[in-house]
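So the structure is just underneath, and the comments pick up after that.
The values are calculated or read from the model by the stated rules, or taken from the named source; none is laboratory data. All figures in this text were calculated on a predicted structure; none of them were measured in a lab. Heads up, the Cβs are rebuilt from the backbone with ideal geometry, glycines too, and the neighbour counts pull from every protein chain shown.
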Ligand SMILES: Nc1ncnc2c1ncn2[C@@H]1O[C@H](COP(=O)(O)OP(=O)(O)O)[C@@H](O)[C@H]1O
Ligand SMILES: [Mg+2]
């Protein structure tokens, strides 16, 4: 069964079309990454899918419930972690969890909060103020709070923004554990390494869905060919490469330059003049997800102009 199956989701705020005819299917137990630049409609789409916001157009079902008619039921059965989710910093960890338990009508409150605290390993620190927790612990507490009512679907909106790499890794291990237990997860993120941890990714740009599939599918569908250049003073070659029609984009990765294009012959021709420089290495490379996203972003800024 699909945990999410929506067709033609559309939302306007005033005159502005924010989500344009977006269709999405997420299978039960799947972890789907939701990617795209800021202001592309990720949060708005998520809010429509968790029953908080009524779409102007579109239909479908979430957890088997009708997206329009059963919004209340959807809202109570999904776990939703809002962007910049935060706790009441001047309440204790336990008080925060009790508050959430009450929101979800969980009874008895004490039992649910104690279980959650035990699972987190925070039982002995339950009287500590939430504001005193480190970023990583806050994140863990947030995830525990939005899964307290045992939802089958988790919608996470940039859950790891500003969290350090170690805490992000722990967070993703927990996401995979939850998915292995049958939870479905849709997670928006800006981090490439997180996108690579998803079973499937969806890319939205200024309201339009541009790509949907496995990491491999999304990279392949972009139809990019990539070379890496390494050597001294590469910057000097950038203007000529940029001016060449065979080159679509140039992106620095550490000491190397990634040069990509859609026409392999034209790209080779563009790189030909560099071959006479013995200190420059030109190697054909695998296109990575970041190359693809840079292409999506530059294509859609062109469309906006
Ligand atoms: N309640 C609202 N009223 C008016 N405009 C909004 C509202 N919510 C979002 N927007 C606008 O919709 C666009 C998409 O926003 P959002 O869904 O938050 O994108 P993302 O999460 O991808 O950054 C942005 O231009 C934003 O300013
Ligand atoms: Mg957002």
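Being in a helix (DSSP H, G or I) and within 16 Å of ligand 1 (Cβ to nearest atom) narrows it down to one of 174, 235, 194, so name that one.
Details: 174 fails: within 16 Å of ligand 1 (Cβ to nearest atom); 235 fails: within 16 Å of ligand 1 (Cβ to nearest atom).
So the residue among 174, 235, 194 that is in a helix (DSSP H, G or I) and within 16 Å of ligand 1 (Cβ to nearest atom) is 194.
Before we move on, is residue 75 in a helix (DSSP H, G or I), out of contact with any helix residue (DSSP H, G or I) (no Cβ under 9 Å at 6 or more places or on another chain) and touching a residue at least 12 places away in the same chain (Cβ under 8 Å)?
Spelling it out, residue 75 is indeed in a helix (DSSP H, G or I), out of contact with any helix residue (DSSP H, G or I) (no Cβ under 9 Å at 6 or more places or on another chain) and touching a residue at least 12 places away in the same chain (Cβ under 8 Å).
So that you can scan it fast, the table gives a plain yes or no per residue for (1) closer than 27 Å to residue 75 by Cα; (2) buried (at least 19 other Cβ atoms within 10 Å of the Cβ):
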| residue | (1), (2) |
| --- | --- |
| 110 | yes, no |
| 122 | no, yes |
| 128 | no, no |
| 131 | no, no |
| 183 | yes, yes |
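With the structure loaded, tell me whether residue 207 is touching a residue at least 12 places away in the same chain (Cβ under 8 Å), within 16 Å of ligand 1 (Cβ to nearest atom), surrounded by fewer than 18 Cβ atoms within 10 Å (Cβ to Cβ) and closer than 20 Å to residue 43 by Cβ or whether it fails that test. I'd like the intermediate steps shown before the answer.
Details: touching a residue at least 12 places away in the same chain (Cβ under 8 Å): yes; within 16 Å of ligand 1 (Cβ to nearest atom): yes; surrounded by fewer than 18 Cβ atoms within 10 Å (Cβ to Cβ): no; closer than 20 Å to residue 43 by Cβ: yes.
So residue 207 does not fit the description; no.
Give me the residue from the range 197-211 that is within 16 Å of residue 179 (Cα to Cα) and in a strand (DSSP E or B) and, out of that set, nearest to the chain's Cα centre (by Cα). Walk me through it before giving the result.
Here is the first cut: in the range 197-211, the ones within 16 Å of residue 179 (Cα to Cα) are 197-201.
Those still in the list that are in a strand (DSSP E or B) too: 200-201.
Values: 200: 10, 201: 8 Å.
Only one residue tops the list, namely 201.
Within the bounds of the range 32-46, is there any residue that is assigned by TED's automatic domain parsing to the domain that holds residue 154, more than 16 Å from ligand 1 (Cβ to nearest atom) and either over 30 Å from residue 127 (Cβ atoms) or in a strand (DSSP E or B) (or both)?
Initial filter on the range 32-46 (assigned by TED's automatic domain parsing to the domain that holds residue 154): 32-46.
If we keep only those that are more than 16 Å from ligand 1 (Cβ to nearest atom) too, we end up with none.
No.
Being part of a loop (DSSP other than H, G, I, E, B) and within 16 Å of ligand 2 (Cβ to nearest atom) is the filter; apply it to the range 177-191 and report the residue that is nearest to residue 50 (Cα to Cα).
Restricting attention to the range 177-191, the residues satisfying the condition of being part of a loop (DSSP other than H, G, I, E, B) are 181-183, 189-191.
Within this subset, residues satisfying the condition of being within 16 Å of ligand 2 (Cβ to nearest atom) are 189-191.
Working: 189: 18, 190: 21, 191: 23 Å.
Per the stated criteria, the residue is 189.
Could you check the range 58-96 and list, in sequence order, the residues that are over 30 Å from residue 133 (Cα atoms) and within 16 Å of ligand 1 (Cβ to nearest atom)? Full working, then the answer.
Restricting attention to the range 58-96, the residues satisfying the condition of being over 30 Å from residue 133 (Cα atoms) are 58-74.
Hit for the range 58-96 is 58, nothing else.
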